[in-house]
1. Among the helices (runs of 4 or more DSSP H) contained in segment A:238-307, which hold 3 or more residues that are more than 23 Å from residue C:81 (Cβ to Cβ)?
2. Please count how many residues of segment C:84-121 are modelled with pLDDT of 90 or more, buried (at least 20 other Cβ atoms within 10 Å of the Cβ) and not in a helix (DSSP H, G or I).
3. When you look at residue B:231, is it more than 14 Å from chain C (Cβ to nearest Cβ) and surrounded by fewer than 24 Cβ atoms within 10 Å (Cβ to Cβ), yes or no?
4. So is residue A:137 farther than 22 Å from residue A:92 by Cβ, under 24 Å from the mean Cα position of the chain (by Cα) and facing another protein chain (nearest Cβ under 7 Å) or not?
5. Of the residues that make up segment A:150-160, is at least one within 10 Å of another protein chain (Cβ to nearest Cβ), in a helix (DSSP H, G or I) and touching a helix residue (DSSP H, G or I) at 6+ places or on another chain (Cβ under 8 Å)?
6. Across segment B:15-28, which residue is surrounded by the fewest Cβ atoms within 10 Å (Cβ to Cβ) among those that are modelled with pLDDT of 50 or more and over 17 Å from residue B:310 (Cβ atoms)?
7. Would it be correct to say that residue C:46 is in a helix (DSSP H, G or I) and more than 25 Å from residue B:256 (Cβ to Cβ)?
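The values are calculated or read from the model by the stated rules, or taken from the named source; none is laboratory data. These figures come from a predicted structure and were not determined experimentally. Backbone-built Cβ (ideal geometry, glycine too); neighbour counts: all protein chains shown.
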C-alpha cells in the first residue's frame, strides 16, 4: 500500500512539474522523460542482462512509424494500431534474438548493428508509406471523448509511460527472471548449471525491452507530430549506450542519472562554450569511466561509504 | 517648463523602448552532418545582421540574432524552436538539416511564429505541412532539374543515368530529379546510389557505363561520395556529359576534386558577374577579411528578406510579419540577374523557377554562366 | 569480363582497407580481449596526417607515410596509457576499457572537427589515380605478411599469442603483460592509421569518415573470425566483394543494394558463428 502511494506521489510530482514549465522547458522535459524511459529499458538489457545491442532506437522507430502508418494510412482504430505496433516490435525482436541467442559475445551487437542500418534504409526507400527521407507529418493525436491531450497533459502521459516502464522493470528485476538475467550476465555457464535456460532468458529480455522501446516510440510520435529517419539512427543508439554507462550500468538510478545528464549537456554547455561542447562531452565520458567504472551511481555509493 | 520636462521624459522612455532589439532566432548545425553548409550560411546571416544594424537597424531598432546549435538532431531542433519563441524571437531562420527544419515547423505552426529556411531545397518542406508561417527560399530540387534540362535541350537527351547518395537531401533531390526527367519524357536507363562511407563508386559507374546513357545527372550532396563518382568516371575514361545539382556549386570541389571536374556542368543560384554579388563579395571581404561564397549569400539574403518584411509590416507583430512576408518581392545576392524572391498565389517556396543558372567547370575553376532559367 | 576484372581490383582494394581495420581490431582483441571501436577515428587521424604532410606541406610520399605511421604508433601507445592501463591495473571489468575507448572515439573526432574546416580535405595519390588500387593491395599484403611472420616466426610474436591464449599463465612465464598491451595498441593504431592514409586519396580526409570505417572493419572481423591474422584480410575481402558484386550484378533497386551485405552478414552469422577461420 505504501509503495503504491509512493508511485502515485512520484507520478503527481513529475506530472505536476509540467504545469509549472514554459513551452520550451516542457518540450525539453518531454524529450528528457522519453530518453530516461529508453535508458531504463536499455539498462535492463545491457546493464542487467549483459547484452550489447544497437537496435533500441530502431525499435523506438518501429513503434513510432507503425502507429502513425496504421492510424493515418490504414485508418485502423487507435487500440488496434497500438496492439499491432507492439506485435510488430515483438516479431522483429524475436527474429533477431532467437538466432543471436545461440551465439556468444558480441554477435548480438553485430546483428543489431545490421538491423539498425537496414531499418534506416527501409525508411528512406519506403516511398509513400514511410514518407522517405522527409518522414511523415501533418497528423494529430486522435481525440478521446471529444478532447485532445496536449501540452502539459501530454507530458503527464509520458510520465505515466516512464513510471509504467520503471514499474515493470523494477518488478522483473526483483523476480526470479531478474536474478536469472544477472546470472546470465555474470557467467552463462554457471547460470546454465544452476538450471537457467540461458538462451530463453536472453531472448525474453531482448524482446521485452525492445517492445518497451517500441511503446515509447508510439508516445514519441505525438510529441512533435512528425517522425523522420535521423532520430532513429545509430548516433542516438550510441548516445543511449553512453548514458547508461556514465550513469552506472545495471542500476535503475544509474540509467536515470546518465540519461538526464547527457541529454541536458548540450542544452547547458552549448550556450557557454559553443560547438566545443561535444569535445567536453567526450572527455566527461572518458573521465567518468576512468574515475568510477561503475558510473555516477557508483561514485555516489563510494562517497556515501567514505564521507 | 513642467510640460517640457514631461515630454522629454516621455521621449526618453519611448527611445529606450525603441532601443530594445528585435530578436531573430537562427537554428544552425555546428557539429553534425550539415555543418559544412550550415556554418557559412550562418556567417552570411551574421554579416547581414551587422550590416542592417550599421545602417540603423529596422524600425529604429537593432536586430539581435539568437543562434542555437541543433547538431542536426531534429528532436532537439524542435525544442530549440520553442526556446527561441519563449525568448521572444519574432522570426526563426532554419539553416540545419532538412528533417530538422521540418520538425521545427511542427512548433512554429502551433506557435504561429514566422519561420524561413534560406538554404534547404527539398520540395516537400512547403507541401507536407499546411503551415502558413513557413517559407523556403532555397532553390527547389524541381527547379534545379528543370534548369539543367533546359540547358541540355540542345543535346536532345533520350536516355540518361541518375546517381545520388543516401543522405536525406540527396534522396529528396533524386526524387525530384527523377520526376523532372520523367516529365520531360526522358528515359532513366540506370539509377544508382553511393552510400555514405563508401570507399569506391566503381560498381555503380560500371552499371551506368553498361547502360550507355546520353548524359548523367548527379543529385548527391555528400562531397566525399561525389568525388568518388568523379574518380570512377575519370578512371574508366567515360565521355558522356555530367550535369550536377547545386551541390557542386560550393568551392570545396575546386580543391578536393582537383583534375577531375573539367567540363562538368552544374546548376547554381549564384552568378559571380551579377552587380549585387560583386558588391556583396567586396563588402563581406572588407568586413571579415575572408572571401564569401554562395552559401554565405543564402544566409545573407535570408536575414535581409526578413528585415525587409518586418520593415514593411511596420511592427514586430507576428501576424503582420506573416502578411508582409507573403508579399515579399526582393532582389538579393542569389539568383540570376534581375531575379526576385516572391511568394505568389499563396505559394511559400519563393525561389524564382527561372532564377537559377547553369555553370561549367573550366579546369578546376567554377567558370562562366552558360544558361539562365528554364527557357 | 572487363567489368569483372575492374571490379576484382576495386573490390580487392576496398577489401584490403576493411582488412587493415579488422587487423587493427584483431591486434588488440587477441592479447587483451578489448574491442576498440575508436579504430575508425584512428584511421581518420591517419588521413588528416596525410592531408597535413602530403597536401599542405608537400612532403615526399615515403617520408610522409613513415611520419604518419610513427605518429599513429605514438597515438596508439598514448591511448592505451590514458584510457586502458589505469582500468586494467585496477582490475576493472573488461567492459570498462571498451567503453572508455568509445569515449575516446568522441574525443578524437571532435578534436579533429574543431581544428580543421568542416569540408573534406584532399590527400594525394601515392602513384597516381590508375595505380592507387594496386598500391593499396601491395602495402596491405606487405603488412599482413609482416604481421603473420611476426606471430609465426618470432619469440616476441609467440609471447603475444601466449597472452592471447592464457593471460595469467603467460604472466607466470615471465611475459610483461602491460608491455604486450601497450605494443598491441600501438600496432593497432598503426594498422588503422595506414588504412586511413591509403583510403584517403579516394574518400578525402573528413571528420565523419571514422564511424563507417569502424563498422565495415568490425563486420570484416566478425566474418573472418578473431582467431587468426589471415581471417581479418579474408573477412575484409569477402565483405567488399559482396558489397560491390551486389551493386553491380544484383537486380534490385539501388537504394536497397546497400542492405544486401547486411542481410548476408546476418545469414553468415547464423551458419558460421565463429567466423570463417577458427583459431588454431
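1. Result: A:252-273, A:295-305.
2. The total comes to 2.
3. It is false that residue B:231 is more than 14 Å from chain C (Cβ to nearest Cβ) and surrounded by fewer than 24 Cβ atoms within 10 Å (Cβ to Cβ).
4. yes
5. no
6. Filtering segment B:15-28 for residues that are modelled with pLDDT of 50 or more and over 17 Å from residue B:310 (Cβ atoms), the one surrounded by the fewest Cβ atoms within 10 Å (Cβ to Cβ) comes out as B:15.
7. So residue C:46 fails the test.
To keep it simple, each residue is scored yes or no on (1) outside any loop (DSSP other than H, G, I, E, B); (2) at pLDDT 95 or above; (3) touching a strand residue (DSSP E or B) at 6+ places or on another chain (Cβ under 6 Å); (4) more than 14 Å from chain B (Cβ to nearest Cβ).
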position: C:156; (1), (2), (3), (4): yes, no, no, yes
position: C:161; (1), (2), (3), (4): yes, no, no, yes
position: C:174; (1), (2), (3), (4): no, no, no, yes
position: C:185; (1), (2), (3), (4): yes, yes, no, yes
position: C:189; (1), (2), (3), (4): yes, yes, no, yes
position: C:208; (1), (2), (3), (4): no, no, no, no
